[in-house]
Amino acid sequence: MTTDPTPRLRTAEQVGEEAGAVLREMGRAVVGKQDALELVMLGVLAGGHVLVEDLPGLGKTLLARSFATTLGLDFRRIQFTPDLLPSDVTGTPLYDRRTGEMVFHPGPVFTHLLLADEINRTPPKTQAALLEAMAESQVTVDGETRPLADPFLVIATANPVEYEGTYSLPEAQLDRFQLRVRMGYLTAGEERAMLRARIDRAAPEAVLDRLAGPADVVAWRAVVERVEIDDDLLEYAVALVGATRDHPQIGIGASPRGGLALVQLARARAVLDGRDYVVPEDVKSLAVPALAHRVSLRPELWVREVSTDDVLREIVDSVRTPTTRRTAAAVSS
Amino acid sequence: MEHAGRARRRAAPGPVVAFGVVAVLAVAALLLRPPGELLPAGRGPLGEWGIVAIGSALAWSIAAARIVRHLRPRFHSYGVTLSPGEERLREIAAPLLLAGTGAVGFLALAMHRFSSGDPEPAPAPVPPTPVPPPADGAPLPDADPGGSGLPTLPLYLVLGVAAAVVVVLVAVAVVRRLRRLELRVPHHPGLASPATGEDDARLLLSAVRSGRRALAGAGDARAAVIACYAAMEDALVASGVERRASDSPADLLARAVGAGLAPGPAAPRLAALFREARFSSHPMDAAHREAAADALEEIASLLGDAEGAR
């Protein structure tokens, strides 16, 4: 696999094969989580940031570290705590006694892949510092703007069951994550395989091979930008987003940024599948991960334990997909 | 959104219907009450047919509960959603209404003072109102001993006819409402399609013929491939596979496999050709057309075998 700094021009099929190889390699470390791995890979290809939300001990940190290793990305980790300051994330200028000048010491955000572990444990001020960096791919400290690395990817984890000493991310900040991934428990067979693999390798974690580099990831993203999408599928994406705004159980629907994320992720899925065009399955399968964290249910539903994922699934099952034959308007245009 | 519109259409007449039902019940109660004061103490409005009325009320409650329980999961697949307020109202009102019908009959029985043989103390005599004698010497009408001038049998006939009319009106209203919501009672999952095997075979053949016609023409290869896939869709539907508006090609094929119609590797192949023809700007040529034709023939023979085996 190519890891040279000047990548060649690739086709969608080639990128699909390369990304597939990365996923297979990661499957050696992260057992039985193929769906979650694929979703995070879509975030990598689509140039977005990923929120992994689930219970402790399900392999969230392992997943992020495995991506950094196999993609050959510079990896940093921040354990978010209540006393973490914005400067602990972005960096701070310090006085250099030898030169007598203030020298900027970059924070952990200056990396390719940043694992923001338990992002909901830190106050909103520190969360905002990271989320600003995520949105703009740059950091401004003391009036000076510094660009972040390319590619820059944040994988944030959040524990949804603990409320004591946590600060839930507000909707506006959740909106900055391109997709939300849930890990879920392993099946009995997968759990047995995971335990067997741990015993067989006689080491805490599998040692993964590096199969790509930062330049490859940038090249993959360029291929995603060349993926075409039919007007009828754009209408379908708009209908899905619009349905979240009209649904009686949803108080705040998905933003236009949600529609952008959905379409970009669908293009990434097409590339992962080796295609340079989007099909209805791409959009439909990504509606829940791309939109569920961007909507707020009405308060009376909170006590009934209805999740946004359930409501989004209902919407996906009710919105009409593009017809088999082209509409008259599409044919004439 | 479509189903949101449905929800709005459903919500609008609810209060009107509820008000109407309450008003009709109130008028009926006033008309049927026994003569005397407005709130008679325990004489009971049901007379000697009280047991029948109470039994009917209980039977109605049980039957309604069973029908609702049987049909609700089948309608649920249409995804008709209520707002949280409507849902809460429904959850409270449904058991209350069902229990209320039984409770009314029970209370009527419980509050009724059955005659036990002991003569009740006669009510205080009311001084008769002097009636002026008729000028022409005609006899006075007899006092009504039963409180009603109607004979018993015709009264029950009238009530029976009225009940039948009400049942027919309710049935018509329910059917019209289902049609307005574009709903129909879905088939029971375990039951076979009502169409006969011969009908299925004819529909299947017709779908395959339409695909062959599209492929035989000298027109656009892209249109031919799309028509070919549409023919496969129609053939699957003719074979009993349910098609939904929210289906992607993968959903339809998965449902076909789930229904025991496994159209083999040709179906995914044709679906992939269709996706490329329908959603990409790739040039489509004779090779695509031939591949689609081969896939359709393969599917037709597999589905034909499956129909023959039924």
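Quick test of your reading of the structure: A:MET102 fulfils all but one of (1) buried (at least 21 other Cβ atoms within 10 Å of the Cβ); (2) touching a Phe, Trp or Tyr at 6+ places or on another chain (Cβ under 7 Å). Name the failing condition by number.
(1)
Need pairs with beta-carbon distance below 6 Å; first residue not assigned by TED's automatic domain parsing to the domain that holds A:ARG275 and within segment A:12-24, second of a type in the set (Ser, Thr, Tyr) and assigned to a helix (DSSP H, G or I); sequence gap 6+ or separate chains.
Note: pairs meeting the criteria are A:VAL22/A:THR70.
In segment A:105-134, which residues are surrounded by 24 or more Cβ atoms within 10 Å (Cβ to Cβ) and in a strand (DSSP E or B)?
Hits for segment A:105-134 are A:LEU113, A:LEU114, A:LEU115, A:ALA116.
Does any residue of segment B:194-217 turn out to be surrounded by 21 or more Cβ atoms within 10 Å (Cβ to Cβ), hydrophobic (A, V, I, L, M, F, W, C), under 38 Å from the mean Cα position of the chain (by Cα) and at pLDDT 80 or above?
no
I need a count of the residues in segment A:228-256 that are among the β-branched types (Val, Ile, Thr) and either at the interface with chain B (Cβ under 10 Å from one of its Cβ atoms) or part of a strand (DSSP E or B) (or both). Please lay out each step first, then the result.
Narrowing segment A:228-256 to residues among the β-branched types (Val, Ile, Thr): A:229, A:238, A:241, A:244, A:250, A:252.
Filter once more, so that each one left must be either at the interface with chain B (Cβ under 10 Å from one of its Cβ atoms) or part of a strand (DSSP E or B) (or both): A:229, A:244, A:250, A:252.
Here the count works out to 4.
Residue by residue through segment A:198-224, note down the ones that are in a helix (DSSP H, G or I) and touching a Lys or Arg at 6+ places or on another chain (Cβ under 8 Å). Outline the logic, then answer.
To start, the set of residues in segment A:198-224 that are in a helix (DSSP H, G or I) comprises A:198-201, A:214-224.
Within segment A:198-224, A:ALA219, A:TRP220, A:VAL223, A:VAL224 meet the criteria.
Limited to segment B:247-268, what total is found for residues that are farther than 14 Å from A:VAL279 by Cα and at pLDDT 90 or above?
Residues that pass the stated criteria total 0.
When you go through A:GLY258, A:GLY213, A:GLY242, A:GLY253 one by one, which is the residue that is of a type outside the set (A, V, I, L, M) and in the same structural domain as A:LEU113 (by TED's automatic domain parsing)?
Details: A:GLY258 fails: in the same structural domain as A:LEU113 (by TED's automatic domain parsing); A:GLY242 fails: in the same structural domain as A:LEU113 (by TED's automatic domain parsing); A:GLY253 fails: in the same structural domain as A:LEU113 (by TED's automatic domain parsing).
Sole residue among the options that is of a type outside the set (A, V, I, L, M) and in the same structural domain as A:LEU113 (by TED's automatic domain parsing): A:GLY213.
Among residues belonging to segment A:233-279 that are under 29 Å from A:PRO299 (Cβ atoms) and in contact with a Pro (Cβ under 8 Å, 6 or more places away or on another chain), point out the one that is modelled with the highest pLDDT. Steps first, answer last, please.
Initial filter on segment A:233-279 (under 29 Å from A:PRO299 (Cβ atoms)): A:237-262.
Then keep just the ones that are in contact with a Pro (Cβ under 8 Å, 6 or more places away or on another chain); that gives A:241, A:248-249, A:251.
On the way: A:VAL241: 96, A:PRO248: 89, A:GLN249: 88, A:GLY251: 90.
Across segment A:233-279, the extreme among qualifying residues is A:VAL241.
Has segment B:281-288 got at least one residue that is over 40 Å from the mean Cα position of the chain (by Cα), closer than 15 Å to B:ALA231 by Cβ, more than 14 Å from chain A (Cβ to nearest Cβ) and modelled with pLDDT of 85 or more?
So the first thing to find is which residues in segment B:281-288 are over 40 Å from the mean Cα position of the chain (by Cα), and the list is B:281-288.
Checking the rest, the ones that are also closer than 15 Å to B:ALA231 by Cβ come to none.
No.
Being among the small types (Gly, Ala, Ser), exposed (fewer than 14 other Cβ atoms within 10 Å of the Cβ) and under 17 Å from B:ALA216 (Cβ atoms) is the filter here, so list the residues in segment B:271-302 that pass it.
Correct list: B:ALA286, B:ALA287.
Can you name every residue in segment A:276-290 that is closer than 18 Å to A:LEU39 by Cβ and within 13 Å of another protein chain (Cβ to nearest Cβ)?
Applying the first criterion (closer than 18 Å to A:LEU39 by Cβ) to segment A:276-290 yields A:278-279, A:281-290.
Hits for segment A:276-290 are A:VAL278, A:VAL279, A:GLU281, A:ASP282, A:VAL283, A:LYS284, A:SER285, A:LEU286, A:ALA287.
Which one of the conditions (1) under 20 Å from A:LEU115 (Cα atoms); (2) at pLDDT below 85 does A:ALA29 fail to meet, given that it meets all the rest?
Failed condition: (2).
Restricting attention to segment B:69-89, and to residues there that are surrounded by fewer than 12 Cβ atoms within 10 Å (Cβ to Cβ) and modelled with pLDDT of 65 or more, which single residue is farthest from the other protein chains (Cβ to nearest Cβ)? Before the answer, list the steps.
First, the residues of segment B:69-89 that are surrounded by fewer than 12 Cβ atoms within 10 Å (Cβ to Cβ): B:69-70, B:72-73, B:76.
With modelled with pLDDT of 65 or more added as a condition, the list becomes B:69-70, B:72.
On the way: B:ARG69: 21, B:HIS70: 23, B:ARG72: 16 Å.
Filtering first and then ranking leaves B:HIS70.
Among the residues of segment A:69-88, is any under 23 Å from A:GLN138 (Cβ atoms), of a type in the set (Val, Ile, Thr) and surrounded by 18 or more Cβ atoms within 10 Å (Cβ to Cβ)?
Yes - at least one qualifying residue is present in segment A:69-88.
Considering only residues that are without any contact (Cβ under 8 Å) to a residue 24 or more places away in the chain and either in a strand (DSSP E or B) or buried (at least 19 other Cβ atoms within 10 Å of the Cβ) (or both), which ones fall in segment A:135-159? Spell out the reasoning first.
At the first step, the residues of segment A:135-159 found to be without any contact (Cβ under 8 Å) to a residue 24 or more places away in the chain are A:136-138, A:140, A:143, A:145, A:147.
If the condition is that a residue be without any contact (Cβ under 8 Å) to a residue 24 or more places away in the chain and either in a strand (DSSP E or B) or buried (at least 19 other Cβ atoms within 10 Å of the Cβ) (or both), then A:GLN138, A:THR140, A:THR145, A:PRO147 are the ones that fit.
Could you count how many residues in segment A:291-327 are facing another protein chain (nearest Cβ under 10 Å), farther than 29 Å from B:ARG275 by Cβ and part of a loop (DSSP other than H, G, I, E, B)?
Number of matching residues: 2.
Evaluate the following for B:ARG243: is it out of contact with any Lys or Arg (no Cβ under 6 Å at 6 or more places or on another chain), at negative phi, of a type outside the set (Asp, Glu) and within 11 Å of chain A (Cβ to nearest Cβ)?
Details: out of contact with any Lys or Arg (no Cβ under 6 Å at 6 or more places or on another chain): yes; at negative phi: yes; of a type outside the set (Asp, Glu): yes; within 11 Å of chain A (Cβ to nearest Cβ): yes.
The answer is yes for B:ARG243.
Of the conditions (1) in contact (Cβ under 8 Å) with a residue 60 or more places away in the chain; (2) within 12 Å of chain B (Cβ to nearest Cβ); (3) touching a Leu at 6+ places or on another chain (Cβ under 8 Å), A:ALA261 clears all except one; give me its number.
(2)
Inside segment A:140-177, can you point out the residues that are closer than 13 Å to A:PHE110 by Cα and touching an Asp or Glu at 6+ places or on another chain (Cβ under 8 Å)?
Correct list: A:ALA149 only.
In this structure, is A:ALA64 assigned to a helix (DSSP H, G or I), crowded, with 16+ Cβ neighbours inside 10 Å and at pLDDT 90 or above?
No.
In this structure, does A:ARG320 turn out to be under 18 Å from the mean Cα position of the chain (by Cα) and at negative phi?
Working: under 18 Å from the mean Cα position of the chain (by Cα): no; at negative phi: yes.
So A:ARG320 does not fit the description; no.
Is there a residue being more than 18 Å from the chain's Cα centre (by Cα) and surrounded by fewer than 24 Cβ atoms within 10 Å (Cβ to Cβ) anywhere in segment A:42-52?
If we filter segment A:42-52 for residues that are more than 18 Å from the chain's Cα centre (by Cα), which is where we start, we get none.
There is no residue in segment A:42-52 that is more than 18 Å from the chain's Cα centre (by Cα) and surrounded by fewer than 24 Cβ atoms within 10 Å (Cβ to Cβ).
The values are calculated or read from the model by the stated rules, or taken from the named source; none is laboratory data. Every value quoted in this text rests on a predicted model; they were computed, and no experiment measured them. We place every Cβ from the backbone using ideal geometry, glycine too, and count neighbours over all the protein chains shown.
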